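These notes are about the structure you will find just below.
Read-outs: derived from the displayed coordinates by stated rules, not from any lab. All values reported here derive from a predicted model rather than from experimental measurement. Backbone-built Cβ (ideal geometry, glycine too); neighbour counts: all protein chains shown.
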Amino acid sequence: MLPNSLRTRAVFFAYLFGPPRFVRRAEASQISEAVCSALMQDDLVFQYNTTDVGLKPSTAGFSIKLERREGRGGVKIDIDNPGPTAPMRFVVVYEWPPSLQHVKEVFDLASKAVFESLQGSWQRVMAEVRFRAQCDAESGDGLGFIRRHAVGFSSELVDSLGQPLVFGAVKLEVAQSGSVDDSLANPKREISVEALREDPHSVYIELMSQWAQFPQPAGASAAVDMTHLRKIEDEPSVYVEESYHFLTEKVLVLGSKEGRCQ
């Protein structure tokens, strides 16, 4: 891959937090006004829904959606909770952003406005970042890059599957470590690299980084180590910056000489 050709298609950020509760329309409207004020945008489309208007507030779920289109992209913000047994979610997505710095500023401002508007005290239990990007293949052939550098099968074996080969992809997953001293260290990672269908010269990259309050047990019978809880206290920009650094310093090197299969 050619790092200088990296183009960010979308950045996704989410918090899971609790304790869960129902948010009425009046409070949702206040949240919408706070976000519009923080972003200095008065044209965000506001939508509020409940899972069932016949249910009591103690058992009903809700969703708040804010959206602003910008060219072929834009910003989407969701705050929701499907019911009393699930954590609440704050999700913000920026499609085709103008710059990473702008993304971080928007995410921080939106997050601060939402949590200052929601009544009550909240504990964040997970943070997640997803980068969706594309990058030119070094050879100018996205599918060829997948065959030569991402998949360790011989050309003869791949050709024996049939011709013509039209798509290829690889996915890697790294579990969150069980012991955490640095709140940003060793998150769960999911890395996908595939040929970009609409542009044969490029590859599509998706990186997910997830910081959970406690690591998932390694085996079905393993117990959760409650003595090593990860603190989920940073602003969205901190998680976004860490994930972007991993993308540029680790994922894009898969196309370099150091990362190639010899």
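In the calculated pair-distance distribution of region 165-216, the portion above 18 angstrom amounts to 45 percent of the Cα-Cα pairs. Once the C-beta distance of Phe167 and Ser99 is scaled by a Förster radius of 25 Å, the resulting FRET efficiency is 0.20 to the nearest 0.05. For region 116-149 versus region 72-111, the inter-centroid distance based on Cα atoms is 14 Å. Just to be sure I understand the rule: take each whole DSSP H helix in the chain, project its Cα atoms onto its long axis, keep it if the span is 18 Å or more and its mean Kyte-Doolittle hydropathy is at least -0.5. Which ones pass? In the chain, the long hydrophobic H runs are 25-39, 100-117. Here, P(r) means the percent of Cα pairs in each 5 Å bin from 0 to the largest distance; for the chain it is 1, 6, 11, 14, 14, 14, 13, 11, 8, 5, 2, 1, 0.
Computing FRET efficiency as 1/(1 + (r/R0)^6) for Asp234 and Ser155, where r is the C-beta to C-beta distance and R0 is 35 Å, gives about 0.15. Comparing region 20-121 with the 2.2 N^0.38 Å rule of thumb, its C-alpha radius of gyration ratio is 1.10 (two decimals). Shown for Met208, Met88, Met1: other C-beta atoms within 10 Å of each C-beta, ranked fewest to most, produce the order Met208, Met88, Met1. Across region 20-121, C-alpha contacts under 8 Å between residues 6 or more apart give a mean separation that, scaled by the residue count, equals a relative contact order of 28 percent.
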